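Reviewing the structure listed below.
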Amino acid sequence: MTAAALVEVRDLTRVFDVSKPWLNRVVEGETRTFLKAVSGVSFDIGRQETLALVGESGSGKSTVARMIVGLLEPTAGYVTIDSVDMWAPARHRERQMLRRRLQMIFQDPFASLNPRWRVERIVADPIRAFGLAKDNQEIEHRVGELLRLVGLDPADGTKYPHEFSGGQRQRICIARALSSNPEFIVCDEPTSALDVSVQAQILNLMRDLQDQLRLSYLFISHNLAVVRHMAARVAVMYLGRIVESAPTQELFERPRHPYTRMLIDALPDLAMSGRPRRPIRGEIPNPIDPPPGCAFHPRCPHAFEPCAVEMPALVDRARHAAACHAVAAGRL
Ligand SMILES: Nc1ncnc2c1ncn2[C@@H]1O[C@H](COP(=O)(O)OP(=O)(O)O)[C@@H](O)[C@H]1O
Ligand code: SF4
Ligand SMILES: [Mg+2]
C-alpha cells in the first residue's frame, strides 16, 4: 500500500517437515513429507488500523501470527515492522528494540499466565525486562495504572491467576501486553475461549484501548461475526492462502469468493433480514495433500472446468481482492 504502513507482510510462506523419523522412512520405504501451512501471504497494516485474519481452524492463521511476532522463522517471504525486517540476521539489535513495540495476546489466557506468579509480577515482567521504570515504586504505580486501564482493581495485583474468571484473566493478559507500551498487538483468537456473554466486554475493551493508546491490531478469529466490529479490513484465509480481502463493510455486503460467501451464509441473521442461514459445507482438506487447482474446489458450489486444474491468482480490483476463476470470468 503506502510507505507509511506499520506492518508489511510479503509472500510469507511456511513449510513444516512432518516426516516420520528417518529409520521408519527407510523401513517403510517412504520419502519425506512436507506440510505447507502458509503460502504467499501478503498484507499491510497501517498505524492505528486493525486487519482481521479469518478462516476455519487449520487455515494457517496462527502460523502467520507467529512469523510476524518473531516466534517462527518464515520459509520464504518477509515481515517488516516500521521498516525493520523481522528475520534479517543483520538486524538483530534493531529486532531486539522492536520486541518492546510488538506484543501478542493468545486464545487461552490461562495457559499463557504463569500460575505461580502474582498478577503484579506478571504485569510487571515486561516493564522489568525492557527496563522501562527507574525503581520498584514506579513499577508498582504503573502496574496499578495498567490494571485499572483494563477494568481490574489495582488490589487484584496480589492475587494469582486461578483466582480470576476467564474474562478477567484475558484482561490480565491485555495488561501485560500493554505494559511495554506497544504500538502493534497480534491478537490470536483473543475471545474464542470465553463465554459469549464475556466476549463482547473484552472486544469493547480492546477497541477502547486501541483508540486511547493508538494501537494497531492484527486480529485473528475463526469467526467472521466477531471481526465485523473490530477491523477496518478483513483477509480471508483458506488452506494457507488469502482467498479474499476487502474493507470490512464491502466484504460483508459484497463478498466475492464462494468460501467467504459460505462463511457469511452460516452467520446468524442478526439484522433479521429473512436471509436463510446455511450451515458450512464440508471440511478443510488435509494440507499435506491439498486438492489441485483451487484448494476450495471440492467444496465449491460454483466450481467449473479450470477449478480442479489451475490455481486462481489473487486479483485486486479497487482494493477488493479475490482468488477465484468464477469471479475473474464474471460468472459471480
Ligand atoms: N509446528 C508445526 N508442525 C507441523 N505442522 C504444523 C505446525 N504448526 C502448525 N501446523 C499445521 O499447519 C496448519 C495451519 O495451522 P495453524 O496456523 O495453527 O492454523 P489456524 O491457526 O488457522 O488454526 C495446520 O494443518 C497445522 O496442523
Ligand atoms: S476458483 Fe472455482 S472452485 Fe475455487 S472458489 Fe472459485 S469457482 Fe469455486
Ligand atoms: Mg490458530
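The values are calculated or read from the model by the stated rules, or taken from the named source; none is laboratory data. Note that the coordinates shown come from a computational prediction; the quantities given were computed from them, not determined experimentally. Don't worry about glycine lacking a Cβ; one is built from the backbone with ideal geometry, like all the others, and counts go over all protein chains shown.
Taking the criterion of being within 16 Å of ligand 3 (Cβ to nearest atom), closer than 12 Å to GLY55 by Cα and of a type in the set (Val, Ile, Thr), would at least one residue in the range 254-268 satisfy it? Checked the range 254-268: no residue is within 16 Å of ligand 3 (Cβ to nearest atom), closer than 12 Å to GLY55 by Cα and of a type in the set (Val, Ile, Thr).
Checked against (1) more than 14 Å from ligand 1 (Cβ to nearest atom); (2) assigned to a loop (DSSP other than H, G, I, E, B); (3) under 19 Å from the mean Cα position of the chain (by Cα), ARG278 passes all but condition (3). Taking every residue in the range 49-68 that is over 16 Å from THR80 (Cβ atoms) and pairing it with any residue that is assigned to a helix (DSSP H, G or I) and within 8 Å of ligand 1 (Cβ to nearest atom), at least 6 positions away or on another chain, the pairs with Cβ-Cβ distances below 7 Å are LEU53/LYS61; LEU53/VAL64; GLY55/LYS61. Could you say whether any residue in the range 261-276 is of a type in the set (Val, Ile, Thr), touching a residue at least 40 places away in the same chain (Cβ under 8 Å) and within 23 Å of ALA37 (Cβ to Cβ)? Within the range 261-276, not a single residue is of a type in the set (Val, Ile, Thr), touching a residue at least 40 places away in the same chain (Cβ under 8 Å) and within 23 Å of ALA37 (Cβ to Cβ).
Considered as a group, the residues in the range 48-87 that are over 18 Å from SER216 (Cα atoms) and within 11 Å of ligand 3 (Cβ to nearest atom) include one that is surrounded by the fewest Cβ atoms within 10 Å (Cβ to Cβ), and that residue is SER57.
Just to be sure, is ILE172 under 20 Å from the mean Cα position of the chain (by Cα) and either assigned to a loop (DSSP other than H, G, I, E, B) or more than 16 Å from ligand 2 (Cβ to nearest atom) (or both)? Yes; evaluated as a whole, the condition is true for this residue. Would you be able to say whether some residue in the range 52-65 is under 14 Å from the mean Cα position of the chain (by Cα), closer than 26 Å to LEU132 by Cα and at pLDDT 95 or above? There is at least one residue in the range 52-65 that is under 14 Å from the mean Cα position of the chain (by Cα), closer than 26 Å to LEU132 by Cα and at pLDDT 95 or above.
I'm trying to understand the selection: among the residues of the range 20-41, which are modelled with pLDDT under 95 and either acidic (Asp, Glu) or surrounded by 14 or more Cβ atoms within 10 Å (Cβ to Cβ) (or both)? Of everything in the range 20-41, those that are modelled with pLDDT under 95 and either acidic (Asp, Glu) or surrounded by 14 or more Cβ atoms within 10 Å (Cβ to Cβ) (or both) turn out to be ARG25, GLU28, GLU30. Any chance you could count how many residues in the range 292-306 are within 26 Å of PHE16 (Cα to Cα), crowded, with 16+ Cβ neighbours inside 10 Å and touching a residue at least 12 places away in the same chain (Cβ under 8 Å)? Within the range 292-306, residues that are within 26 Å of PHE16 (Cα to Cα), crowded, with 16+ Cβ neighbours inside 10 Å and touching a residue at least 12 places away in the same chain (Cβ under 8 Å) number 5. Condition first: more than 19 Å from the chain's Cα centre (by Cα) and either under 15 Å from HIS325 (Cα atoms) or within 16 Å of ligand 1 (Cβ to nearest atom) (or both). Now tell me which residues in the range 226-258 satisfy that. Scanning the range 226-258 gives PRO255, ARG256, HIS257, PRO258.
Among the numbered conditions (1) closer than 18 Å to LEU178 by Cβ; (2) surrounded by fewer than 21 Cβ atoms within 10 Å (Cβ to Cβ), the only one that ILE105 does not meet is (2).
Among the residues of the range 259-268, is there at least one that is over 16 Å from TYR238 (Cβ atoms) and either charged (D, E, K, R) or under 25 Å from the mean Cα position of the chain (by Cα) (or both)?
Residues of the range 259-268 over 16 Å from TYR238 (Cβ atoms): 267-268.
Cutting the leftovers down to either charged (D, E, K, R) or under 25 Å from the mean Cα position of the chain (by Cα) (or both) gives us 267-268.
Yes: one or more hits.
Within the range 150-169, being assigned to a helix (DSSP H, G or I) and surrounded by fewer than 18 Cβ atoms within 10 Å (Cβ to Cβ) holds for PRO154, ALA155, THR158, HIS162, GLU163, GLY166. Of everything listed in (1) within 10 Å of ligand 2 (Cβ to nearest atom); (2) surrounded by 12 or more Cβ atoms within 10 Å (Cβ to Cβ); (3) farther than 27 Å from ASP17 by Cβ, the single unmet condition for ALA329 is (2). Scanning the range 101-145 for residues that are in a loop (DSSP other than H, G, I, E, B), in contact with a Ser or Thr (Cβ under 7 Å, 6 or more places away or on another chain) and hydrophobic (A, V, I, L, M, F, W, C) yields PHE106, PHE130, LEU132.
Looking only at residues of the range 213-225 that are away from ligand 1 (no atom under 16 Å from the Cβ) and in contact (Cβ under 8 Å) with a residue 60 or more places away in the chain, we find that the one that is nearest to GLU56 (Cα to Cα) is TYR217. The condition of being within 16 Å of ligand 2 (Cβ to nearest atom) and either of a type in the set (Ser, Thr, Tyr) or within 21 Å of LEU203 (Cβ to Cβ) (or both) holds for only one of GLU49, GLU56, that being GLU56.
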